[in-house]
Amino acid sequence: LSGHEHTRTGLSQAALKQAFIDNLFYLQGRFPEVATPHDFYMAAAYTLRDRLLDRWVKTARSYKHSQARTVCYLSAEFLLGPHLVNNLINLGIMDTARAAGEELGLDLDAIVQEEEEPGLGNGGLGRLAACYLDSLATLEIPAIGYGIRYEFGIFDQTIENGWQVEHTDAWLRNGNPWEIYRPKLRFPVKFGGHTQQYDDDGHLRIRWIPDLVIEGRAYDTPILGYGVNNANLLRLWSAHATQSFNFQSFNTGDYYGAVRAKVEAETISKILYPNDEPEAGKELRLKQQYFFVSCSLQDMLRLQFNTTGSVEKFHEKYSVQLNDTHPAVAVAELMRLLIDDYKMTWDPAWEITRHTFGYTNHTLLPEALETWSVELFGRILPRPLEIVYEINRCFLDEVRMRFLGDESRVARMSIIDETQGRRVRMAHLATVGSFAVNGVAAMHSELVKSTILKDFHDLWPEKFHNVTNGVTPRRFIVAANPRLATLLTERLGSDAWVRDLSLLRSLEAHADDTGLHADWQAVKTAAKEDLSNWLGKHAGVTPDPASLFDVQAKRIHEYKRQHLNVLHIVTLYQRLKANPHLDLPPRTFIFGGKAAPGYFMAKLIIKLINSVAEVINRDPQINGTLRVAFMPDFSVKNGQRLYPAADLSEQISLAGKEASGTGNMKFSMNGALTIGTLDGANVEIREEVGDENFFLFGLTAEQAQRHQAQGYRPWEFRHESEELRSALDLIDSGLFSHGDKELFRPLTNSLIQYDPFMVLADYEHYVSRQSEVGHAWRDREHWNRMSILNVARMGKFSSDRSIRDYCEQIWKVQPAPADV
Ligand code: 26Q
C-alpha cells in the first residue's frame, strides 16, 4: 500500500484487496480457504461500508458548517434493492474491485449475487423513493430519507401449481452490514388514552395521557451519490418497548404482562403491509404511519432546537416531502409537537407547518385514497385527532369566506368525510397542510387538478405542480446492463451520460450506423441469453434468445390489465391452431409481478398466466413459436435481469388509471420498444421518443370516461369480435384448467359483465397493434434503429431531472458539495 493510502478508505486495487482480507479475517473470522460465499459477501460489504462512512461523516460535517437547507423525504416504503453493486458503481471502483477479486481467485459477480435485498416496499412508490435518494446524493443535495425498518419486507413469491405462494422475507437473518444502529437516538411515541387540560403558569395547555408509549430507535444507512463525495442519510425507525414501561410491569410482578407489552410494541415495525392499495380499518397500519412520522419530526425538531435554540425557523431549515398520504398525519403531529411540547400558540405553529410540507399524490383511483374512520383515529391518536378537527375548523372557515353559501362545497372539501360514517380524508389533510401538491406525470397532475382535488385547485391554483417521475440510470442501466453501459460509453467517448442522461441524445446521429446496429443487437442478445438461462433454472422455461421477448413486469392489478395481454396470447394461439402454417415471428411472453395476498382476482390472473403457459409451452403444434414464462419473485434484483433482455415493454393500463409508471422508463432506457396506452408517463415517453418509435393503442382517458358515463356494455364487444369471443370461450372451456370450466369463471364473468378497466373495449386495437409489432420485428434493422432512438431520447426520465425539478419548483434547496 502506498504511504498515503489507508486500508479503510483507499480506492486502489491494493487497498481494496487488503481491506477485504482483513475484514474476512477480523469480522467474519475466516481464512479465504474456508470462507463461504456469504463470508465473502460480508467482507466485501464491510470493505465498501468503511469507504462510505468516511464520506458520510465528512458530508455531515460539511452540511453542518454550511447550515444547508435540508430535504426530508418521508416515505412508508424504500425499495432499495441490493446495495453492494450500487455502491461499487457510485464509488467508481467496479473494475478495480473486480480486479482485486480476481487476484484472490474470486468472481465479483458471484459475490454481488449473494446479497439479500431489503424489500422495504411494494412497488413503484417505494422504488421511486429509492431512486430519489440516489439522485439527491448525486446532486449533492442535503437530504434525509425517513421511514420504517420493517423486520419483514415484501413477501418472497414462489409459484406452486400455477398459484402464487407467499413466503416471509427474513432479510435481516444474516445481519445487515449497511446499517448502523444508533442506540442513543430514541424517541417516545404515544398511543391511545385521553387528553386533559392543565394550567401551565397561566397558559391553558393540553396534555395527552397515553395508555401506551413506544420507543423508536434509529438505524442509519449511508446513501452515496455517483461520482461525488456526498453521502446522505437514510434513517429507518424500529419500534421497541420503552424500558420504563417494561420495568414498571416487572416491578409489580407482572412479568408476562411486561413481555406481552414488549411483543406488542415490536409488532409496529414488524412487517410491511403487502398491499399497494389501502386496506380498510387496519389499526396497525395507522400505528406504523404515526410511529415513523412522530419519530422523524421529533428528530428534526431536536436538531433544529439544539443548533439554533428555537424551532421558529423550522420551515426555513427543512422541506419535508410526503410520499403519498401514508405520512400525512405529519401535518397534525408537527402542530402537536410545536404546541404541546415546544409551547407555541396555534397561529405561529400553523405558519411553520403549512410552509414545511409538500405532498406528492400517486393515485387517482378512488378506492386507493386513504381514509381512516374517526372512531379508530381518535382511539389510537386522540390528541392528533383534536388537532385535525381544529385544522379543519379553520380551513372550512376559509372556504366559507371564499365561497359564500356553498355548503355542498364545504362538505366536499372537509377533512372529515361525513357521507360514509365519519372518516378522516388523508389527501385533504395533506393538501391543506402543504405549500405544494404534485402529481407524478404531466397527465396525472392535470387529472389531480380536474378530479380528486378539483375544489382545492379552485381555491389554491398556485399550490399545484407536476413533477414527472424518473429512475436512476446508475441502477437501471449501469448496474442492470453493464454491456449496454460499456457500449454507450464507448460510442459517446465518455461516461458523462451516467450523470447527465440527456447526453445520450448524441446517439441519434448513429441510429443508422451498421456497426452500432451489430453491437446493439449483440448486447441485447447477450442479455436475453442470461435471462433465458435464469428462467430455465427458476421458471422451468428456457426461451429462445432469438425470439421476440415481450415483457410485462409490475404488480398484478386489474387496472394494469395483465389479462389483456393474456387474451392476446390466447388469440395468437388460436390463430396458430387454426392455421399451423401461419407465419408468425417467434415470441416469448414473460410476466413478472406479485399480487396482494388478499386480492383474489389478481391471484387468479397469475394462475391464468401459468395455466396458459403450461398448455402452450408443451403443445407440439406450436413448436416453440409461442412461449410463456412467469418470472417468480419479481423484485429489484430480478427486475435488473429483466429490463436489459426485453424487446417489447407492455404498458397497457387503462388510460387515466396509472399515475405514472416507472417500469415503462426502465424498459425504454434498456432499448425495449413500448406497446402502450396514453396513460401516465407513457404519454411523455411517446412525446420524447416520437410516435413512429412507439406502439400506441387504446382509448384515451377522456374517451374511457365518456364511455363509462354513458353506460359501458362490455358484452357488446364480445358479440362484435369473433376472436375475442372465442378467446374468452377457450378460457371457459377448461382447456387451460384440466377440464375445470369454473376455475377462471370469476375472471371471464367480470370481464363480460362489468369490465371496470375496459379490457374488452381495448382488445381489438391492442391485438392489431401487436400484429404491427410482429411485422416491425421482421425488419430488424429498422427495429434496432427504433431501439437506439428510444435510448437516445430517454434523458428526461433520469431521476436526476425529477430531483432538479423538485429542488427548483418545490423545495428551494441548493447543492452543498461535501468537502473531503
Ligand atoms: C396504504 C394504506 C394501507 C395499506 C397500504 C397502502 C399503500 C401502500 C402502497 C397504498 C399504495 C401503495 C403504493 C402505491 C404505488 O406504488 N403507486 C405507484 O406509484 C408510482 C410512483 O409514483 C407510480 O409510477 C405508479 O403509477 C403508482 O401506481
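What to note about this one:
- When Arg393, Arg354, Arg379, Arg422 are screened for being of a type in the set (Lys, Arg), closer than 27 Å to Lys287 by Cα and buried (at least 17 other Cβ atoms within 10 Å of the Cβ), only Arg354 passes.
- So Lys262, is it more than 16 Å from the ligand (Cβ to nearest atom), surrounded by fewer than 19 Cβ atoms within 10 Å (Cβ to Cβ) and under 30 Å from Phe377 (Cα atoms): yes
- Only a single criterion out of (1) of a type in the set (D, E, K, R); (2) surrounded by fewer than 23 Cβ atoms within 10 Å (Cβ to Cβ); (3) outside the structural domain of Ala15 (by TED's automatic domain parsing) is not satisfied by Arg127, namely (2).
- On the stretch given as the range 546-567, residues that are touching an Asp or Glu at 6+ places or on another chain (Cβ under 7 Å) and in a helix (DSSP H, G or I) total 2.
- Some residue of the range 184-196 being under 29 Å from Arg383 (Cα atoms), among the polar types (S, T, N, Q), in the same structural domain as Met344 (by TED's automatic domain parsing) and assigned to a strand (DSSP E or B): yes
- Filtering the range 350-377 to residues that are away from the ligand (no atom under 14 Å from the Cβ) and more than 24 Å from Leu338 (Cα to Cα) leaves only Glu375.
- Of residues in the range 438-470 being among the basic types (Lys, Arg) and within 20 Å of Lys657 (Cβ to Cβ), the one surrounded by the most Cβ atoms within 10 Å (Cβ to Cβ): Lys449
- Pair list, Cβ < 7 Å and 6+ apart or interchain, from the range 678-696 residues that are farther than 19 Å from Val471 by Cβ to residues that are assigned to a strand (DSSP E or B) and hydroxyl-bearing (Ser, Thr, Tyr): Phe695/Thr674
- A single member of Lys282, Lys270 is within 16 Å of the ligand (Cβ to nearest atom) and free of Cβ contacts under 8 Å to residues at least 40 places away in the same chain, and it is Lys282.
- Which listed residue is touching a residue at least 60 places away in the same chain (Cβ under 8 Å) and either on the phi > 0 side of the Ramachandran plot or acidic (Asp, Glu) (or both), from Glu375, Glu370: Glu370
- Of all residues in the range 135-178, those satisfying the criterion of being more than 15 Å from the ligand (Cβ to nearest atom) and in a helix (DSSP H, G or I) are Leu136, Ala137, Thr138.
- Pairs, first in contact (Cβ under 8 Å) with a residue 24 or more places away in the chain and among the aliphatic types (A, V, I, L, M) in the range 770-798, second buried (at least 19 other Cβ atoms within 10 Å of the Cβ) and part of a loop (DSSP other than H, G, I, E, B), C-beta under 8 Å, six or more apart: Ile788/Gly671; Val791/Asn670; Val791/Gly671
- Within the range 285-317, the set of residues being more than 16 Å from the ligand (Cβ to nearest atom) and more than 17 Å from Leu185 (Cβ to Cβ) comprises Thr308, Gly309, Ser310, Val311, Glu312, Lys313, Phe314, His315, Glu316, Lys317.
- Residue check for Asp805: under 30 Å from Val71 (Cα atoms), touching a His at 6+ places or on another chain (Cβ under 9 Å) and either of a type outside the set (Val, Ile, Thr) or modelled with pLDDT of 95 or more (or both): yes
- The set of residues in the range 149-164 that are over 17 Å from Arg555 (Cα atoms) and in contact with a strand residue (DSSP E or B) (Cβ under 6 Å, 6 or more places away or on another chain) comprises Arg149, Tyr150, Phe152.
The values are calculated or read from the model by the stated rules, or taken from the named source; none is laboratory data. Every value quoted in this text rests on a predicted model; they were computed, and no experiment measured them. Because the Cβ atoms are built from the backbone with ideal geometry, glycine has one as well, and the counts that use them run over all protein chains shown.
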